Amino acid sequence: MQNVLLFVDKISTWAGQAFSWLILSLTLLISWEVFSRYVVNHPHPWAFDVMIMMYGTLFMMAGAYTLAKEGHVRGDVLYGFFPPRLQAWLDLILYICFFIPGVVALCWAGYIYAGESWAINEHSNITSEGPPIYPFKTVIPVAGAFVLLQGIVEIIRCILCIQLGDWPSREEDVEEVDVDKLKAMVHVKDEDIAKLDVYVAPHHDGAKK
């Protein structure tokens with residue numbers, strides 16, 4: 001069972017990391033459009049629509065990844081002090097009562113929404129000669145399916161935690177640097193860092209002069 005959970009984690013992680021490259025594409029597109037508009041005086045009417053669709057795609061496709069990494073906003077004032085079993089019970093109730101109905105509704109409504117858009121060959125009306133938006137609307141049910149799959153995995157984790165008394169492991173990913181862990185890895189103590197101030201402080205004082 002744990003291998004299945006980690007496999008779904010990997011799928012969500014892969015999707016999030018793959019679509020994260022849209023950040024770079026979006027940055028390049030915005031920079032190019034600013035240059036085209038204000039330097040060469042040749043703006044592109046479709047650029048604004050494409051920017052919105054790229055950002056929306058990034059936002060939606062990162063949902064499952066964020067859920068897999070427990071990155072969504074949580075009211076953690078009291079939750080962090082609860083034992084794992086109580087945390088699992090609370091999560092399980094919230095997943096069943098709110099998460100599953102909401103995400104299923106998103107998938108169903110998104111499927112209808114995208115189907116209608118494909119049927120009429122819908123294009124954006126925000127700007128003249130707007131680009132097609134039916135591919136973008138297709139992302140809605142696809143992203144919902146990813147989130148739903150990851151949500152089912154989280155429900156299974158809750159059940160396992162209730163049975164075992166501790167949370168199952170998760171797929172690891174790149175995280176922000178933990179200074180204390182980094183010190184332990186390289187076997188450096190605060191005293192060792194303080195000794196380096198002897199070499200840094202004179203140079204710093206000299207630079208001020």
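The values are calculated or read from the model by the stated rules, or taken from the named source; none is laboratory data. Here the structure is a predicted model, which is why all the values come from computation and not from measurement. Glycine also receives a Cβ, built like all others from the backbone with ideal geometry; neighbour counts cover every protein chain displayed.
A few remarks follow.
- The range 33-57, subset under 24 Å from the mean Cα position of the chain (by Cα), aliphatic (A, V, I, L, M) and surrounded by fewer than 17 Cβ atoms within 10 Å (Cβ to Cβ), residue farthest from residue 146 (Cα to Cα): 51
- Within this structure, residue 34 fails the test of being in contact (Cβ under 8 Å) with a residue 24 or more places away in the chain, β-branched (Val, Ile, Thr) and part of a helix (DSSP H, G or I).
- Residue check for residue 162: in contact with a Leu (Cβ under 8 Å, 6 or more places away or on another chain), buried (at least 16 other Cβ atoms within 10 Å of the Cβ) and among the aliphatic types (A, V, I, L, M): yes
- Residue within the range 67-74 that is assigned by TED's automatic domain parsing to the domain that holds residue 11, in a helix (DSSP H, G or I) and either hydrophobic (A, V, I, L, M, F, W, C) or closer than 30 Å to residue 3 by Cβ (or both) present: yes
- If you filter the range 113-148 down to residues that are outside any loop (DSSP other than H, G, I, E, B) and touching a Ser or Thr at 6+ places or on another chain (Cβ under 6 Å), you find that the one that is nearest to residue 66 (Cα to Cα) is 139.
- Flag if residue 58 is under 26 Å from residue 4 (Cβ atoms) and assigned to a helix (DSSP H, G or I): no
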